[in-house]
Each structure stands twice: as structure tokens, then as C-alpha cells.
1. What is the packing order of peptides 66-76, 139-149, taking the mean over residues of other C-beta atoms within 10 Å and listing the highest first?
2. Return the tail of the calculated pair distribution for the stretch 164-321, meaning the percent of Cα-Cα pairs more than 25 Å apart.
3. If the only charges are +1 at each Lys and Arg Cβ and -1 at each Asp and Glu Cβ, what is the size of the charge dipole of the stretch 179-306 around the Cα centre, to the nearest 20 debye?
4. Could you tell me how many degrees, from 0 to 90 and to the nearest 10, lie between the Cα long axis of helix 207-216 and the main elongation axis, the longest principal axis, of the Cα atoms of the chain?
5. Starting from the Cα gyration tensor of the stretch 132-248, take the square roots of the eigenvalues, sort them a ≥ b ≥ c, and report rounded, prolate or oblate (rounded when a/c is under 1.5, otherwise prolate if a/b is larger than b/c, else oblate).
6. When ranked by the protection proxy of mean other Cβ atoms within 10 Å per residue, highest first, what sequence do the peptides 14-27, 174-187 form?
7. By DSSP, what percent of the beta bridges with both residues in the chain are antiparallel, rounded to the nearest 5?
8. Taking a probe of 1.4 Å, how large is the accessible area per residue of the chain, in Å²?
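The values are calculated or read from the model by the stated rules, or taken from the named source; none is laboratory data. Predicted, not measured: the structure shown is a model, and the values here were computed from it. Here the Cβ is made from the backbone with ideal geometry for all residues, glycine too, and neighbour counts use every protein chain on show. Keep in mind that these areas ignore ligands, DNA and RNA; they rest on the heavy atoms of the full protein, side chains included. Shrake-Rupley method; radii C 1.70, N 1.55, O 1.52, S 1.80 Å.
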Amino acid sequence: MTYQQREVVFEGEGRVSIRSGDPLPAPSPYDLIVQARLSIVSAGTETAFLDAKHPTQPGPGIVGEIVQVGDAVTAVRPELTPGSRVFVRQSHRAYVRCNALRDCVYVIPVDLSDEAVLLARQAIVGIHAVKRAGLRLGVSAHVIGLGIVGQLITRLAVIAGARPVTAADHHKNRRFAAESQRVVQIRQPGETRPQEADAVLLACGSASALADGLEIVASGGALVLVGAGTGAMSLDIHDRVFRRNIRMIGAHEVGAVQGAGNPAEWESLLDLPVRLIREGSLEIAGLITHYVAPGELAQAYRMLRADKSECIGAVIDWNIA
């Protein structure tokens, strides 16, 4: 069997290509080959790196099917067999060559859809942010930005017991999606009150959103940066942060585990969001709004960078030619 590689590459200056690689060789004893079904697009992060000076391979994770395993794989991980659906931490590509000992290869429960697992992967970011914000019973929270991660953070804040939970986004369809959470109060930008929330979680990277967050967070509260722009920002640290005792907290997903390269730790991180989805606590219906064929990616990324109003969550469907 020949596995012809195709992978998404940001070439720089906004150019997106699908590179064809050499066929993957047969797996060595502890290796396995996964054929991609869907991979999730992290729209904010990926569009921020479209103009990177050096080629970049984007993508936070893939759901696929094991098509071949090395001779020693089942001896160390008997659940990794041909035909099994798995999640792997890898950039967008048609095939993934994994090592059963070194790489994150998460076997998907039979009652969970491909999309649900990809959303669980993004919920890892949200869970880390909620923990960093210290959300718990009676702590008020405001979420700025209701893309896929912001939607998940809003839901997770409710699960954590935060009250009230408010959220804002410029785009009507994103506000509408968050309204499905009945206890969440949806605001348009500018409708919030000064010093309204104990914690503000910034799930977008614009400078204006950062300024809004500093207005909304209460003195002594926390401003949690879940998304951050790559450009320079001007900020009066003394008056807006220091004098008000504001805690500015980074919540990059790598901080979720001490050993980010440890596959067992990454796999364990999926257990909680998967459990929340399976038991119905974390509602995910309607969060995937776009399915994109690999050949349509250049156009899709241009759309996402210019106008995210119609998109909440997007996946690449590797089953489409």
C-alpha cells in the first residue's frame, strides 16, 4: 500500500500551498501510519501566522484511522490496531507517521464523533484558561471573542460555577451561538460596564479587545490572555494595570502540562473534555460551521483573515479530493 503525503504549508506573504511529499515508507517496529479524516483549524492562531517569514506548517490536531502498524506496536499498546480511530497532535496533512512510544495517539471512544474529539482538543485550551483565571462559584467572568475557543471558554466558565458569565463579540452569529447557554448574558462590544467582571478572558488577539478587557475587569481582578496578537501594542501599565492591581495572565496551552512533549500527559489532557462532552455537560452542537476541502484552503484562509463573521469552527475534510 502506498500512502502519498499531502500537507498544508504557509509559504509566507499570505501564500498557502498543499505540498505533495514522497510516499511514506513502511512503518518501523514501533511506528504506525494514520490516514487523516478531519483536522481542525485554529483560525485565530493560523491566520496570525499566514505572513510568517519562513514556511510554517499550521494545525493543532488530526482525527484519522490507523491504516498500518509496525510489528511491535500492539505489544506496547494493544489498543492501536488497524481500523482504530485516533487523535494525533500533528499539523494539517493527509497521513501521519507516529511512534507508539513517543507520540500522542489518543484512541477515540466509539460513541464520540470525529468533530467532538477535535473540539475536545480545543477545549484543552479553554480548560487551561478557566483554571488560570481562577473561575469558581460566585466569581464573575467576561469572555471577549466568540470564535471556537471563546465559545468553549464560555461554556466551561459556566461548568466551573462562575456567575454571572457575560460574553461579547462583534459578529451576530457568534453571539447567537453563545446564547444557547441560557445563563450566559450576551453583550455587544461597548455594552459592558466598567469594572464589571472579576476575570476577563481575552479569546482574540486585537489591541482594541485588550483595551476593552482592561476597562471591564474589576480592580484586583485577572485579565487572562488566551489569544494574543503578534504585533506591538501600546499600554499604560502604570495607570491601567499597576495602580489597579490587575493580574495579567498568559494562558498558552503549552502551560497546561509541565512536560508538553510527554505523549501520556497530552493524552490525559483529553480525558476531561471528552468526559464533559460524553456526559452532556459541555455542549458542542453547532460549533463546527465550515468543512473545507484541501484544494479550497487558500480561499478559506483568505476568507478567515478578511472576515470571520460567518465562521465559528472550521475543519479540513481530507475525504474530499
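1. Top to bottom by mean Cβ count within 10 Å: 139-149, 66-76.
2. Here the long-distance tail beyond 25 Å is 47 percent of all Cα pairs in the stretch 164-321.
3. Here the stretch 179-306 has a charge dipole of around 240 debye.
4. Tilt of helix 207-216: around 50 degrees.
5. Oblate is the answer for the stretch 132-248, as a/c is 1.5 or above yet b/c matches or exceeds a/b.
6. Packing order, densest peptide first, comes out as 174-187, 14-27.
7. Roughly 55 percent of the DSSP beta bridges within the chain come out antiparallel.
8. 46 Å²
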